[in-house]
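The values are calculated or read from the model by the stated rules, or taken from the named source; none is laboratory data. Just so we're clear, the structure is a prediction, and the values are computed from it rather than from any experiment. Cβ atoms come from the backbone with ideal geometry, glycine included; neighbour counts cover every protein chain shown. Protein only, heavy atoms only, side chains kept; ligands, DNA and RNA dropped before computing areas. Shrake-Rupley method; radii C 1.70, N 1.55, O 1.52, S 1.80 Å.
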Amino acid sequence: MEKYVVIGNPIRHSLSPAMQNRIFQELGMEAEYNSVLIEENAFETEIKKLMDSGIRGFNITTPFKERILPFLDELEPLAADSGAVNTVLRKDDKWYGFNTDGKGYLEGLEEIRPITEKDSILITGAGGASKAIYLALKNHTNARITVANRTANKAVEMTKDNDNHHAMTLQEAEKNLADFTIIIQTTSIGLEASKNTSPISLTNLTKGTICSDIIYNPAETAFLKEAKENGAIIQNGLPMFVNQGALAFEIWTGVKPERTLMKEAVLEQLGGN
Ligand code: ATR
């Protein structure tokens, strides 16, 4: 029986086990996927134990995506550039690190329509998820990318490597909203449905703009609600979550999994919303 896990803290509500086990079962593979809580101050000892346990691969979520780096032998370019790893594979007793978040996001976005160089993309937020998405987009398209963040210098830092891309404050982004054809919301502000706040006001939005949020629970954040009211095409974070998991599955097994089944497994856990 091959073993896989996702490590993180917190981890109890992770939907990855349901999603990955559905595919292992469907394909009749002798494998199981569990979640493992690791205490932040015990990370180094616990990760060594896990890597000595005969495990074939694992996912890493918050807050360990950077702390795993010293334990790996090789990083694929996207993981090296972002300095963060969400997928690890053991092969011939070497450990390989990948980051499937950005590519997973991009594949979800292009389910709506292909990005062209005429697009002008706004990303709100400049944390780990934003960086992974920025790098994947930058590798994929010549479209202009603007990053707007509450702490403005993080956005400046992220975009300074490339003249085509630049940073703005959230207030400037709000004012210039009509210029963007795609708006990607990566801040954690919408995670608490009760707060009902969006990082920017969307009143200046042009109808038909794509607005996507990487949050999928709640299924419709305040940002997405406001976007819909202003005539945007909206997408939540479910495709990104499913696609990043599907890409990890393929890295471990060499098999392209059926993504609709993975999505169904997640929706069942979320109560069908
Ligand atoms: P992740 O790995 O999910 O990207 P992160 O690295 O902690 O998480 O990044 C969180 C992002 O949400 C940051 O861009 C953060 O802005 P700051 O850099 O200014 O901290 C943003 N964020 C969190 N709470 C926010 C809020 N209330 N308003 C605006 N932005 C917020």
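Count of the range 181-199 residues, restricted to those that are within 17 Å of Ile145 (Cα to Cα) and crowded, with 21+ Cβ neighbours inside 10 Å, is 6. Pairs meeting the criteria (first residue in the range 77-105 and free of Cβ contacts under 8 Å to residues at least 24 places away in the same chain, second residue small (Gly, Ala, Ser) and outside any helix (DSSP H, G or I), beta carbons under 8 Å, at least 6 apart or on different chains) are Ala79/Gly97. Starting from residues that are outside any loop (DSSP other than H, G, I, E, B) and among the polar types (S, T, N, Q), keep the ones in the range 105-138 and report whichever is farthest from the ligand (Cβ to nearest atom). Checking each candidate, the answer is Ser120. Every test in (1) assigned to a helix (DSSP H, G or I); (2) open to solvent by less than 10 Å² (accessible area, probe 1.4 Å) is passed by Met240 save one, and that test is (2).
Selection of the range 139-152 for residues being within 9 Å of the ligand (Cβ to nearest atom) and farther than 24 Å from Gln244 by Cβ yields Arg150, Thr151, Ala152.
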